[in-house]
Amino acid sequence: MRTLKTSEAAAILNVSPNTLRAWERRFGYPRPMRSPGKHRLYTHGEVVALRDALNDGLSISSAISRAREAVRADTHVLLGALTAFDLGRADQAMEAALALRPLERAVEEVMLPSLDEIALRNGVDSAPWAWSAAWAAEWVQRARRLTPPPSRAACVLVGDATAGPHDRRALAIRALELFTARAGARVVTLPVGCLAGLGPVLDAHRPDAVVIAGAGSPDDELARWAYAVRASVGALPVLLFHRGVRPGRSASARTLDERASAAVSQIVAAIEPPSGLPEPGMGERSQSVAARPRRMSA
């Protein structure tokens, strides 16, 4: 995916950088990413779509509406491919989506809405949903395999509490795992129903935070798993993702944003060393993280 600095995007649109930033504040478009140095990076496809609309003589508000529709068209293309059960077209639709936006936005703005629409039309107990969900899970797995090695010392343990691969929340959880790995953390996912041999796995990975993801497992099963995790590695920060509101839930467990990209930012904040302290080397358990007061409960 090609990105542009503010000055480059402004030049393509034939406006000043200040005007471009004013459009961003007023209309939320074009919406930039941020570089590691916190500089704006605009997606080339979004800028070009806006330029073409402006060249047709539209006002800025109308041009932005047209550019957004052009970008949103990718969702319709993917939905059509999945409805036709065409793997090749589905892959091509995601490649086109990636040409216009970062991977995280391609998943959240194109893939997940398309899968939601199929679930609404057919139900999650239908063959079209099963087929589409399997394609999406495989696509996310391929993206995960292409993710660079972890750049952070921290490890995130994901307790999969879904009702299985056809659970409607499962794909959002796979997206969370992918985005967390792309943020540089190690990710280990274990079903909350699996207790046998849990200790050696946790001893090998030494997680720094636990994300309980999904609402398909009963509370008693989750409580047993949480107790086993705590017995193996001690008290950890507990974060809930797509768990839903449950009576009697411990106040020590923090609920994450339902958008995977926003949830990852919250996870990184929970595992990041305090500002000003060096991050420990790969494979070392962070003393700064381990020293924090932490509680783990279901």
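Observations on the model:
- Among (1) closer than 23 Å to residue 124 by Cβ; (2) free of Cβ contacts under 8 Å to residues at least 60 places away in the same chain; (3) out of contact with any Asp or Glu (no Cβ under 8 Å at 6 or more places or on another chain), the one test that residue 213 misses: (3)
- Residue count for the stretch 25-61, restricted to those that are of a type in the set (Phe, Trp, Tyr) and in a helix (DSSP H, G or I): 1
- All told, residue 137 falls short of being in a helix (DSSP H, G or I) and either in contact with a His (Cβ under 9 Å, 6 or more places away or on another chain) or assigned by TED's automatic domain parsing to the domain that holds residue 167 (or both).
- Residue check for residue 207: in a helix (DSSP H, G or I), more than 19 Å from the chain's Cα centre (by Cα) and closer than 18 Å to residue 232 by Cβ: no
- Of the numbered criteria (1) in contact with a helix residue (DSSP H, G or I) (Cβ under 9 Å, 6 or more places away or on another chain); (2) part of a loop (DSSP other than H, G, I, E, B), the one residue 225 fails is (2).
- Single residue of 66, 105, 89, 72 found to be modelled with pLDDT of 90 or more, among the basic types (Lys, Arg) and part of a helix (DSSP H, G or I): 89
- Residue 195 vs. criteria surrounded by 15 or more Cβ atoms within 10 Å (Cβ to Cβ), aliphatic (A, V, I, L, M) and assigned to a loop (DSSP other than H, G, I, E, B): yes
- Of the residues making up the stretch 108-118, at least one is aliphatic (A, V, I, L, M), surrounded by fewer than 20 Cβ atoms within 10 Å (Cβ to Cβ) and within 28 Å of residue 3 (Cβ to Cβ).
- Among residues of the stretch 19-36 that are modelled with pLDDT under 90, those with a Cβ under 6 angstrom from a residue that is not β-branched (Val, Ile, Thr), sequence gap 6+ or separate chain, pair up as 30/42; 30/46; 32/40; 32/41; 32/42; 33/41; 33/102; 35/41.
- Selection status of residue 157, in contact with a strand residue (DSSP E or B) (Cβ under 8 Å, 6 or more places away or on another chain) and among the hydrophobic types (A, V, I, L, M, F, W, C): yes
The values are calculated or read from the model by the stated rules, or taken from the named source; none is laboratory data. The structure displayed is predicted, hence computed values, not measured ones. FYI the Cβ positions are ideal-geometry reconstructions off the backbone, even for glycines, and counts take in every protein chain you see.
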